[in-house]
Amino acid sequence: MRTLGGFLAVDILIAEDEPSILESLDFILRRAGWSIGSVTDGEAVLDGVRRLRPRMLVLDVMLPKRSGFDVLKQIRADAEMRSLPVLILTAKGQQQDRRIAEDLGADGFVTKPYSNAEVVGAVRQLLGDDAGPA
Amino acid sequence: MLSADFVIATAVAYVGLLFVLAYFGDRRAKANEKSWLNSPAVYTLSISVYCTSWTFYGAVGNAARSGLEFLTIYLGPTLVFVGWYFLLRRLVRISHLHRITSVADLLSSRFGKSSRLGVLVTCIAVVGIAPYIALQLKAVTSSIQAVAGSSEFGQGSLKGIDDVGLAFGVAAGMALFTILFGTRHVDAKEQHHGVVAAIAFEAVVKLTALVAVGVFVVYIGGGFEGIFSRAVEMGLSVDTSTSFDSRWFTTLGLSIAAIVCLPRQFQVTVVENSNEDHLRVAGWAFPAYMMAMSVFILPIATYGLTVMPEGSNPDMFALTLPLAAGQNGLALFAFIGGFSSATSMIILESIALSIMVSNHIIMPLVLKFSANRHNGDGQGVSRMLLIARRISIGLILSLGFFYFFFTRDSNALAPIGLISFTAIAQFFPALLAAIFWRDASLKAVTAAIATGFVIWAWCCFLPSFDSVSPAVSVLLAEGPWGISWLRPEAMFGRDGWDPLAHAAFWSLTINVLVLVLGSLITTPSALERIQATAFVDVFRRRGLPQRVFVPGSATANDLYFVAERVLGEKRAAALFEMVARERGIDPVMIEPTPEFVGQLERELAGSIGAASAHVMLSKVVAGADVSLEEMMQMADETQQAIEYSQRLEKTSEELRLTAQKLEDANTQLRELDSQKDEFLSQVSHEVRTPMTSIRSFSEILLEPGELDDAQRQRFVSTIHHESLRLTKLLDEILDLSALERGERSWQNVPVDAEEALSRALSVCDALLRQKGFKVEFGERVGTTMVEGDADRLCQVFINLISNAVKYNDAAQPRLRVTSMLRGGSYIVDVADNGPGIPKAERTLIFEKFARGVRGAVDQTGAGLGLAISRQIVARMNGTLELAQGSLPGACFRLKLPVLGRR
């Protein structure tokens, strides 16, 4: 089910360490019609982006090995990946996290636990297409 | 028999010799501070001025009449010098510090620098000493008559002169001699090195003379034994019937007081003392001197009684015995010895008294009447002092002469001396109180001395005129106005006492009573209290009390002017130059600081007494307007201001400390608050994670259609799993929270730790096998009892084992469990061959919500397991920490105290 192999570009790369959350995201976004790739720790994100060339990134903040914010900083500092739309997911709902995310150049921000429609809506907005189902 | 002219010429020549001695002694002492004149020997010899002609002639007479009574006069001083060394040392120290010049000065200075007390003591001393001086005149007169022989008395230059005329001549000669000797200059410390040298020489002469007579008597009397056995044959024996009776003890007590209080003794012992250490030598040497003086007294008296004709004067045995044996040379030497003892006493006594009279009576009068015209006479006060002293000497000797004149018919010498002793003893209680009793007050002391003196005058002085005045005889027999209980020698009906014991008892008892009771009911003034502390605590604190002068109201010039008037131009200039040199400034620039004024006051006190010096400087420095009371009040106010500001300082310091504590507490609270925020944020995260899955999958399930049964089954099972995880998380949070508060949901009871470990292993057995773990067992101990709870202990072991499983990503995972006993502790090591724990995380892993950064294979824990385990172990009084394990990965070590093995 996961898009592996590296030759096929995906629509969305999900970086999430909780297996059940990853499964739910995979399910709802795939159902909306997008192709999905995923990584489960912070260090694997950049590699995944280069390999899978996703149109956007869904990034959890509390990742093992490297935090989501760290990863976002690197992406924005990288000439190639700078323009990649990033949707931040966090279980820490504080205002402070939202502000940090904005400062670092996140394009969207969704707090866990999310409603599926919210995530799909945010992704659709960032991808800018109406291809997916309503 | 010797010719009267020859005897008198010898005496005059002897006096001339003394004068030469004194003159060179003075020059020598001035030129060289460390000359032999400053030696303890000279000091001791000068103290033996105590042995007067009373001792030389009178003691023999006394021994002949009353047996051992004469001994008390030596015993008292011996007791003081041997046993009361500390008293003398204290007196010397105080007197040096305060430039004390006499007993009157000591008492006046101690009791608030009171001029009135000084006057009182001086007057009593002058009157009280008169009989004593009369005694010396009588002794000299009698000795001249004895040695020249009454048969030849009408011849030579003494033709037509009776004993009164002779005594007058002696007194006049003594006055002249003393004036020439003792009042050549006014000294800061009132030390007279020349006079002391002469006195010391006289001490040697009188001792040698008496010993020579003694040796001669013993020689012609056939040794001590011969003398006493002949006396026994003749029915004579030393009269011991009155030994150790009330009179004996009275004279002993009086001589104790006298050696300290007699003006001349105070002068030589205290004022002329140049080194406290000399007292040590005097402590044994002076008693030894007196012993030597007294050794031959009994043999001379006894031999005299056996060989001399009935009715001859026993006082003159020392002269008449050699004369009777035809030893004119020895008689003349003995005469010179007696003459020495008389002259030394008269010279020193009149010098000491004249200093008192001039400092305490004349000087205050001069100050009072010359206050308005202190211009022009630079040497004024100095010269005035000398004149005052010369007049005083004349006055004192006149008084002595008049007493001699009125009582010339009385026979014995010794009783006259005791009259003086009783008068002088009135100072003794006050003197002791001055240096030992802080609460003694001026009023009480003044009243005590005055009362004692009045009783002395009534009971002791008055009766001595018995033989010359019929009025006195009537008074003695019947009392004043016929009131019998006021009879001078039988006060309050105390008839039949020895008159001396009677007088001494009443005067001293009432003296002491008034002093003690008066001091208890009166309050000393401020200055008295200052002086009391300075005197009583002389050895306790260094330095002198702060003088109470208002600074700034006088210039150095004003002070110099005062100093010049009292000390004379030369000494004043020297003093100011010395002070200026000490401070490294020009003499004109000297600031009249309280210290300097205090120093100046002490210097002036050496010349004019403490009270006069204080009055004089107060006038200049403070002006007459500022009283001591005001001064003390100012000092009190300053003290209060200082205390108030110290209190304020203390309060503000306390406030500062409180603020600091508050701030610390605040910081701690903020710290705790941020910890709480952090914790809540962590909890929120941990709760939101399972909630996210539950919500998301519930929404998927709630939407219609599209899901097959397998998917539906899987999603429901995930929701179930996450709900359990959520419940477990909340349980753990509550558990940890309780543990952290120190609570324990279990009772610590003896449990078998090894059994708990085995149970945990069997619980994890399935998990281990599923993950392909190879479990190794190291050393295992048998049943080991610890304090704790079996289930909780098991929970800790399970946590450790499951952690090892969770984080171990090795290809061939291994687990090694060891248990052992070390130093009374039960130790379990749980080691694995996983990645281990990086150094940076070693302390972190026991914190709440900390999870290995390397990530667990199974990332379902909330990160509370180790924190909870550690708390559980802590509640069982054990520890849980990382250790160096036998496998490459992490090794957790649990340690619990062992209860005992079963």
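The numbers here are math on the coordinates, done by the rules we state, and not lab data. Model, not experiment: these values are computed from the prediction. All Cβ positions, even for glycine, are placed from backbone atoms using ideal geometry, and neighbour counts span all protein chains on display.
When only the Cβ of Lys, Arg, Asp and Glu is charged (+1, +1, -1, -1), the dipole of segment A:48-90 relative to its Cα centre reaches about 140 debye.
Taking a ≥ b ≥ c as the square roots of the Cα gyration tensor eigenvalues, segment A:1-81 comes out oblate, since a/c reaches at least 1.5 and a/b does not exceed b/c.
Computed from point charges on the beta carbon alone (+1 for Lys and Arg, -1 for Asp and Glu), the dipole magnitude for the protein assembly as shown about its Cα centre is near 1400 Debye.
Across the options B:MET785, B:GLY326, B:LEU899, the greatest Cα extent toward the positive end of the charge dipole of the protein assembly as shown (unit charges at beta carbon of Lys, Arg, Asp, Glu) belongs to B:GLY326.
In which sequence would B:VAL307, B:VAL468 go, from the one with the fewest C-beta neighbours within 10 Å to the one with the most? Don't jump to the answer; show the numbers that get you there.
Working: B:VAL307 19, B:VAL468 14.
Listing B:VAL307, B:VAL468 from fewest to most nearby Cβ atoms yields B:VAL468, B:VAL307.
Our coupling estimate for segment B:569-582, obtained by passing each phi through the Karplus curve with A = 6.51, B = -1.76, C = 1.60 and θ = phi - 60°, is 4, 5, 6, 4, 4, 4, 4, 5, 5, 5, 4, 4, 5, 4 Hz, Gly and Pro reported as x.
For a quick check: sort B:LEU899, B:LEU662 by the number of other beta carbons within 10 angstrom, fewest at the front.
Working: B:LEU899 16, B:LEU662 10.
Ranked by crowding around the Cβ, least crowded first: B:LEU662, B:LEU899.
Cβ crowding within 10 Å, taken as a proxy for footprinting-reagent exposure, orders B:TRP497, B:TRP746, B:TRP248, B:TRP481 from fewest neighbours to most as B:TRP481, B:TRP746, B:TRP497, B:TRP248.
Applying the Karplus relation 6.51 cos²θ - 1.76 cosθ + 1.60 with θ = phi - 60° to segment B:249-262 yields 3J(HN,Hα) values of 5, 5, 5, 4, x, 5, 6, 5, 5, 5, 5, 8, 9, 3 Hz, where x marks Gly and Pro. In this simple spin-label model, placing a label point 7 Å from the Cα along the Cα-to-Cβ direction at both B:ASP537 and B:ALA172 gives a separation of 5.7 nm.
Cα centroid separation, segment A:92-128 to segment B:769-831: 44 Å.
Here segment B:1-112 was treated as a single set of alpha-carbon atoms; its pair distances binned every 5 Å from 0 give 2, 8, 9, 13, 16, 16, 16, 10, 5, 2, 1, 0 percent. Each Lys and Arg contributes +1 and each Asp and Glu -1, all at the Cβ; summed about the Cα centre of segment B:729-803, the dipole is approximately 320 debye. Residues within the reach of a label modelled at B:ILE521 (point 7 angstrom out along Cα to beta-carbon, backbone nitrogen below 18 Å), restricted to segment B:439-457, are B:439-452.
Residues of segment B:781-804 with amide nitrogen under 12 Å from the 7 Å Cα-to-Cβ point of B:LEU899? Counting only backbone N, you get B:784-790. Farthest towards the positive end of the charge dipole of segment B:749-900, among the residues B:GLY863, B:TYR826, B:VAL873, is the Cα of B:GLY863, using unit charges on the Cβ of Lys, Arg, Asp and Glu. Counting only other chain Cβ atoms within 10 Å of each residue's Cβ, the peptide B:696-702 averages 5. In the distance distribution for segment B:749-900, Cα-Cα pairs more than 25 Å apart total 22 percent. Remark: mean inter-chain Cβ contacts per residue of A:108-114 equal 4, using a 10 Å Cβ-Cβ cutoff to other protein chain atoms.
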